[in-house]
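First comes the structure, then the notes that go with it.
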Amino acid sequence: MTIRELLGDQTPTLSYELFPPRTPAAESTLEATMRTLALTDPDFISITYGAAGATRSTSRGVVQKLAESHTIPPLAHLTCVDQSRDEVIQVIEEYLDEGVRDFLALRGDPPQGQPDWRPHPDGLRYAYELVTLLREVAATHGIDNLSIGVAAFPAQHVMPQWRNQGLEVLRSKQEAGADFAITQVFYDIGQYTSLVEDAKAEGITIPIIPEVMPLATARRAHRASQITGVPTPSEIIADLEAAEDDDAARAAGVAHAARLSCGLLDAGAPGIHVITFNKHDAALELVKELPLRGHHH
């Protein structure tokens, strides 16, 4: 079943995000994490694409592993960064040959040390162009059950200077053939509901799955805000810093993530997408708190 089909049946989905390992040790940790997360019967697992495609081949290896086991659909990330159109087509074709049918089409982040985003001279500039290309390549291979996700940005949406531009961008992705969106991280339910309501008012009807990041340490909370540009709320940082040991810190981070997730599901979110940092403890503790189990299966 593709993610598009899963989202059509109205039961909230559970999914995880993993990132490609950079070392052999990280690879065995990741395999253990994947096995443990698989026990919660997730609907899909997304595999990020390293910054500037640095981990492109390892990313593909993880997606292949999931695709081969066939138990959990992999959501393969694709970005426009540092690749010509032909290179992107080649990656798409390899994934399609392996049976991957779910893609997340992202513009992608600029390579480190390159503050301004510059497209590859023969490449794509916007995520909606990647959505269009995915549909074209699938069609030439006679594949019509493709399911394509894109990104949405609740924390930016509440800034007036972003709002209209963000909705325009989301609309262009829907018009190009996107089936669903996954948000970037945010910590305030109101940011999510405001994005969903404003999008609906503009005729943007694709399901928007919120991403939730259980933060297990203060260091990770600070790092998360650096990477995403979304400030971690001071109360989360205070609770993490006040914790007496790692277990207490993780419990505090999970409690915040669980409150957010339950509120989002109450508000009608079509699922919860959990950022794992390739570790299973916090993710599993969070899922135990969610009214999700017994879904689909």
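Every number here is computed from the coordinates shown, using simple stated rules; none is lab data. Keep in mind the model is a prediction, meaning the values are calculated, not measured. Here the Cβ is made from the backbone with ideal geometry for all residues, glycine too, and neighbour counts use every protein chain on show.
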- Note on the structure: In the neighbourhood of His256 defined by beta carbon distances under 10 Å, the net charge of the other residues (Lys, Arg +1; Asp, Glu -1) is -1
- Hey, what number do you get for the chain at 222 nm if only DSSP H runs of n ≥ 4 count, each worth -39500 (n - 2.57), divided across all residues, to the nearest 500? -15000 deg cm²/dmol
- In which sequence would Lys173, Lys200 go, from the one with the fewest C-beta neighbours within 10 Å to the one with the most? Lys200, Lys173
- Note on the structure: To the nearest 0.05, the calculated FRET efficiency linking Thr36 and Val158 through their beta-carbon distance, R0 being 41 Å, is 0.70
- The residues Met159, Met213, sorted from fewest to most surrounding Cβ atoms within 10 Å, come out as Met159, Met213
- Task: Mind checking the full-extension length gain between Gln184 and Gln165? Use 0.36 nm per residue of separation minus the Cα-Cα distance, one decimal, nm.
- Result: 5.2 nm
- Query: Long-range amide H contacts for Ile208: which residues qualify at under 5 Å (H placed 1.01 Å from N, peptide plane, sequence gap of 5 or more or a different chain)?
  - Reply: Ala181
- Message: When a/c reaches 1.5 or more, the comparison of a/b and b/c decides; with that in mind, is the chain rounded, prolate or oblate per its Cα gyration tensor?
- Response: rounded
- With label points set 7 Å from each Cα along the Cα-to-Cβ direction at His141 and Lys288, the distance between them in nm comes to 4.1 nm
- Note on the structure: Treating every alpha carbon of region 190-275 as one equal point scatterer without solvent, the Debye formula yields log10 I(q)/I(0) values at q = 0.10, 0.15, 0.17, 0.24 Å⁻¹ of -0.29, -0.61, -0.74, -1.16
- Relative contact order of region 3-288, pairs being alpha-carbon contacts under 8 Å that are 6 or more residues apart, as %: 19 percent
- Taking Asp266, Asp239 and counting other beta carbon atoms within 10 angstrom, the fewest-first order is Asp266, Asp239
